[in-house]
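Here the structure is laid out as structure tokens; the discussion comes afterwards.
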Amino acid sequence: DAGVIQSPRHEVTEMGQEVTLRCKPISGHDYLFWYRQTMMRGLELLIYFNNNVPIDDSGMPEDRFSAKMPNASFSTLKIQPSEPRDSAVYFCASSRGQGAIHYGYTFGSGTRLTVV
Amino acid sequence: QQQVKQSPQSLIVQKGGISIINCAYENTAFDYFPWYQQFPGKGPALLIAIRPDVSEKKEGRFTISFNKSAKQFSLHIMDSQPGDSATYFCAASSNDYKLSFGAGTTVTVRA
């Protein structure tokens, strides 16, 4: 299994530009999570999906952020317009759940976003 | 507001020593407590996890101790090795599978 695949690995963009981050979860996992990691705030959950349906987007910082999961093998996180304070490492993680059983998350390698 | 409080922020241990990281939580609905290990440039990776119906779980050199009444849990790394140098995160979730992470502890193992 190739694990959770994120692209791009690094993104440098100018303030005001649109940024799209991509994620391919592990096949068979029915949960997908988007996290943001910064030194100041640590790992923050932005949004998560179950069976391609957004369940909780309360962590999305502003309307500039949006996420979609059009099918079980692909998700995007979009920031438009981007701002310097959006600079962070964005992680996608996938998992499967079965009632009370947690199987843990598998994280991708992350996308390091720099907005200048 | 962080739902899981982790300490210390960083620690240095000699090779062969014991590293101890502590976490505390308030939400009594939490029923799953994993630890993740993260190396620079990589995503966090699941290390070991525990449920509140047991007080201790051991996997190799890594042990979780869990105190349900105190709402605390800790990670012990025995016989610490230079390859254990990483950032460690505790986390917790309830039946919504949504993990809340601690702030992280950077462990440095000196040879």
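The values are calculated or read from the model by the stated rules, or taken from the named source; none is laboratory data. Computed from a predicted model, the values in this text were never measured in an experiment. Please note: Cβ atoms are built from the backbone with ideal geometry, for glycine as well, and neighbour counts cover all protein chains shown. Quick note on the areas: whole protein, heavy atoms, side chains included, nothing else; ligands and nucleic acids left out. Shrake-Rupley method; radii C 1.70, N 1.55, O 1.52, S 1.80 Å.
Can B:Ile48 be described as more than 11 Å from every other protein chain (Cβ to nearest Cβ), of a type in the set (A, V, I, L, M), surrounded by 12 or more Cβ atoms within 10 Å (Cβ to Cβ) and over 16 Å from A:Tyr35 (Cα atoms)?
The answer is no for B:Ile48.
Residues in region A:80-97: is at least one more than 13 Å from chain B (Cβ to nearest Cβ) and within 19 Å of A:Ile26 (Cα to Cα)?
No, the conditions are met nowhere in region A:80-97.
Of everything in region B:3-25, what is outside any strand (DSSP E or B) and at pLDDT 95 or above? Give them in sequence order.
Listed by number, the residues that qualify are B:Pro8, B:Gln9, B:Lys15, B:Gly16, B:Gly17, B:Ile18.
Residues to consider are B:Phe66, B:Phe89, B:Phe73; find the one that is within 14 Å of chain A (Cβ to nearest Cβ), crowded, with 18+ Cβ neighbours inside 10 Å and touching a strand residue (DSSP E or B) at 6+ places or on another chain (Cβ under 9 Å).
B:Phe89
I want to confirm something. Restricting to region B:92-105 and keeping residues that are more than 15 Å from A:Gly59 (Cβ to Cβ), at the interface with chain A (Cβ under 7 Å from one of its Cβ atoms) and under 14 Å from the mean Cα position of the chain (by Cα), which single residue is surrounded by the fewest Cβ atoms within 10 Å (Cβ to Cβ)?
Out of the qualifying residues, it is B:Ala103.
Being over 23 Å from A:Phe107 (Cβ atoms), more than 13 Å from every other protein chain (Cβ to nearest Cβ) and either open to solvent by 40 Å² or more (accessible area, probe 1.4 Å) or not in a strand (DSSP E or B) (or both) narrows it down to one residue among B:Thr28, B:Thr108; which is it?
B:Thr28
Touching a residue at least 12 places away in the same chain (Cβ under 8 Å) and either in contact with a helix residue (DSSP H, G or I) (Cβ under 6 Å, 6 or more places away or on another chain) or more than 22 Å from B:Arg110 (Cβ to Cβ) (or both): which single residue out of B:Ala45, B:Ala49 fits that description?
Testing whether each residue is touching a residue at least 12 places away in the same chain (Cβ under 8 Å) and either in contact with a helix residue (DSSP H, G or I) (Cβ under 6 Å, 6 or more places away or on another chain) or more than 22 Å from B:Arg110 (Cβ to Cβ) (or both) leaves just B:Ala49.
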